[in-house]
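Have a look at the structure below before the remarks.
The values are calculated or read from the model by the stated rules, or taken from the named source; none is laboratory data. Because the structure is predicted, anything quoted here is derived from the model rather than measured. All Cβ positions, even for glycine, are placed from backbone atoms using ideal geometry, and neighbour counts span all protein chains on display.
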Amino acid sequence: MEITLELPERLIIKLKKLSSVKEKTLEELISEAIFKRFNITVPEVKAELHLKLYQKYIREAEDFLAKKTMFKLLRRPGMQPHRLLRL
């Protein structure tokens, strides 16, 4: 299950600064706060959260690399962008 939270911009800015100081992602910072606040100590729950986060990070990295590769192809001399998009 996935939940989306709408938070005030000022709160998001503060959380991002705190996550940067603690060298954690925003997701890690918030999930740790939830675990601590509700005294969640079940290792399987924490492991599942970390697995989902790492899967997300891998997808984001793959997307980034795909975009970077496409950008490099488009920058080749003589390459016509419309030729890459033909199916």
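Residue by residue, here is whether (1) surrounded by 13 or more Cβ atoms within 10 Å (Cβ to Cβ); (2) in contact with a Leu (Cβ under 8 Å, 6 or more places away or on another chain); (3) under 21 Å from GLU60 (Cβ atoms) holds:
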site	(1), (2), (3)
THR4	no, no, yes
SER31	yes, yes, yes
PHE38	no, no, no
THR41	no, no, no
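Taken over region 12-35, the criterion of being basic (Lys, Arg), part of a helix (DSSP H, G or I) and either closer than 21 Å to TYR54 by Cβ or in the same structural domain as LEU53 (by TED's automatic domain parsing) (or both) is satisfied by LYS16 alone.
Of all residues assigned to region 71-87, none qualifies as being of a type in the set (A, V, I, L, M), part of a helix (DSSP H, G or I) and at pLDDT 80 or above. Looking at LYS24, is it basic (Lys, Arg) and surrounded by 12 or more Cβ atoms within 10 Å (Cβ to Cβ)? Spelling it out, LYS24 is indeed basic (Lys, Arg) and surrounded by 12 or more Cβ atoms within 10 Å (Cβ to Cβ). Of all residues in region 19-70, those satisfying the criterion of being under 19 Å from THR4 (Cβ atoms) and within 12 Å of the chain's Cα centre (by Cα) are THR25, LEU26, GLU27, GLU28, LYS52, LEU53, GLN55, LYS56, TYR57, ARG59, GLU60.
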